[in-house]
Ligand SMILES: [Zn+2]
Ligand SMILES: [Zn+2]
């Protein structure tokens, strides 16, 4: 039995994320997921922007997990937080970053795993009518993925309609948004809430497996759950001149509870950096 076998963890969600998260945690850990009733995660700010969210996604994610623990009175809590925007490394490509945080108040640790999703329908389109949206709608995954319609004047305004999944609702929301916007333009964007976005739900499932597998890995020293990579160190030497480069040299593995650390070589076995990454050979 794992450290969490036959125990229950609270999952703070209003968007049916248990559909993606319950199975990985049951499968890897024997840990059952419970969604607290009457949870108001909007108190932490809304995903669609009506109430601004305060703090970093990481802080919000832990706060959300603790909100569920408070309601369920469970010592274990889970929450997920996604943010979408331009890809952190590749320009002009949209990407999502999903975080998933597990709080263990019995052992006193908080563990977060992340996942950069390159496959996302995230995007928006400015349009005067439904015909101008024709090329963009398949890209947005409509109608299996929902949309949000806003006025466009002075940037995206308050949502006129959220969770739009039918052509009739889209047409009606477009008519209202263009009429209310001084420039006659509607701002239409992808609704990224998990229950309305199957692509995002799949990313959350992958991340849930990643976090559950990590929690199933015990520390080699104290056997606490959650042993895994914490940070990396740079300085992989150049293959021509040996100068340390910015490339990862070691992966540091650590425990969630004790001070045990292990320095490991790169998983790909690379011992030297290509000279084009060298500050001396290729300045
Ligand atoms: Zn340990
Ligand atoms: Zn060099």
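Checking the stated criteria, residue 77 turns out not to satisfy the condition of being touching a strand residue (DSSP E or B) at 6+ places or on another chain (Cβ under 9 Å) and either at pLDDT below 95 or in a loop (DSSP other than H, G, I, E, B) (or both).
Condition check ((1) more than 27 Å from residue 11 (Cα to Cα); (2) outside the structural domain of residue 21 (by TED's automatic domain parsing)) across all residues:
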{"position": "202", "(1), (2)": "no, no"}
{"position": "208", "(1), (2)": "no, no"}
{"position": "237", "(1), (2)": "yes, yes"}
{"position": "240", "(1), (2)": "yes, yes"}
{"position": "255", "(1), (2)": "no, yes"}
{"position": "262", "(1), (2)": "yes, yes"}
{"position": "266", "(1), (2)": "yes, yes"}
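What are the residues in region 108-130 that are loosely packed, with under 15 Cβ neighbours inside 10 Å and either over 16 Å from residue 171 (Cα atoms) or at pLDDT 95 or above (or both), if any? Can you show your working first?
Kept after step one, since they are loosely packed, with under 15 Cβ neighbours inside 10 Å, are these residues of region 108-130: 108, 116, 118-119, 123, 129.
Scanning region 108-130 gives 108, 116, 118, 119, 123.
Inspect all residues belonging to region 174-184 and state whether any of them is closer than 24 Å to residue 50 by Cα and within 29 Å of the chain's Cα centre (by Cα). No, because not a single residue in region 174-184 is closer than 24 Å to residue 50 by Cα and within 29 Å of the chain's Cα centre (by Cα).
Scoring residue 251 on the criteria (1) more than 14 Å from ligand 2 (Cβ to nearest atom); (2) assigned to a loop (DSSP other than H, G, I, E, B) leaves a single failure, condition (2). Evaluating residue 42 against the criteria (1) over 18 Å from residue 209 (Cβ atoms); (2) outside any helix (DSSP H, G or I) leaves one unmet condition, (2).
Condition check ((1) at positive phi; (2) within 16 Å of ligand 1 (Cβ to nearest atom); (3) crowded, with 20+ Cβ neighbours inside 10 Å) across all residues:
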site	(1), (2), (3)
168	no, no, no
227	no, yes, yes
235	yes, no, no
242	yes, no, no
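The values are calculated or read from the model by the stated rules, or taken from the named source; none is laboratory data. All values reported here derive from a predicted model rather than from experimental measurement. Cβ coordinates were reconstructed from backbone atoms using ideal geometry, including for glycine residues, and neighbour counts include every protein chain displayed.
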